[in-house]
Amino acid sequence: MSEVQNFIKETVTEHPVVLFMKGTAQFPQCGFSGRSIQILRELGVKKLVTVNVLEDQEVREGIKTFSNWPTIPQLYVKGEFIGGSDIMNEMAANGELKEVLQEAGAFDE
């Protein structure tokens, strides 16, 4: 496993909620990343780690290989790949995302 793949694996397993995105939570650099942050904020997620893929080309490409998913943002909960902003949108709408996040302890201070 490459260094980048190790970094990704460690990041998603060490933190309950990780969003690989373009930009930061404060300054998303694309609409989909912005929408993903908005969804997580609306649900009240406290334990969120974001990784700005624009800062590292290897991570940007590596995350696509890691998840076998071609687009960013990518949400991971308890080490498991959930999906991008469309999937997050759907899951938020039907209450599924809140359940998954609750199980991960994402709302605890």
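For this structure, a couple of remarks:
- Region 12-17 - phi-based ³J(HN,Hα) in whole Hz, Karplus 6.51/-1.76/1.60, Gly and Pro as x: 6, 8, 7, 10, x, 9
- Residue-count net charge about Leu54 - beta-carbon cut-off 15 Å; Lys, Arg +1, Asp, Glu -1: -1
- Directionally averaged shadow of region 14-66, computed from the convex hull of its alpha-carbon atoms, nm²: 3.8
- Applying the Karplus relation 6.51 cos²θ - 1.76 cosθ + 1.60 with θ = phi - 60° to region 73-80 yields 3J(HN,Hα) values of x, 9, 9, 10, 10, 6, x, 9 Hz, where x marks Gly and Pro.
- Charge-dipole axis of the chain as Lys and Arg at +1 and Asp and Glu at -1 on Cβ define it, positive-most pick from Val4, Gly95, Val59: Gly95
- Antiparallel DSSP beta bridges within the chain, percent to nearest 5: 65
- Counting only aspartates and glutamates at least 8 places from Lys64 when in the same chain, those with an alpha carbon closer than 18 Å to its own are Glu3, Glu10, Glu55, Asp56, Glu80, Asp86.
- Simple spin-label estimate for Thr24 and Asn94 gives 3.6 nm between the two label positions (7 Å along the Cα-to-Cβ direction from each Cα).
- Selected from Ser85, Ser33, Ser67 as most flexible by GNM, with the chain as the system and alpha-carbon contacts under 10 Å: Ser67
- With the whole protein complex present, Thr24 retains an accessible surface near 50 Å², based on a 1.4 Å probe.
- Estimated dipole of the chain in Debye, rounded to 20 [Cβ of Lys and Arg +1, of Asp and Glu -1, Cα centre]: 220
- Accessible area per residue in Å² at 1.4 Å probe, computed on the chain: 56
- Percentage, to the nearest whole number, of Cα pairs in the chain over 23 Å apart: 19
- In percent, rounded to a whole number, the relative contact order of the chain is 35, using alpha-carbon pairs under 8 Å and six or more apart.
- Between Thr65 and Glu10, the modelled label-to-label distance comes to 1.7 nm, taking each label 7 Å out from Cα in the direction of the beta carbon.
The values are calculated or read from the model by the stated rules, or taken from the named source; none is laboratory data. All values reported here derive from a predicted model rather than from experimental measurement. No Cβ is skipped: glycine too gets one built from the backbone with ideal geometry, and neighbour counts run over all protein chains shown. Keep in mind that these areas ignore ligands, DNA and RNA; they rest on the heavy atoms of the full protein, side chains included. Shrake-Rupley method; radii C 1.70, N 1.55, O 1.52, S 1.80 Å.
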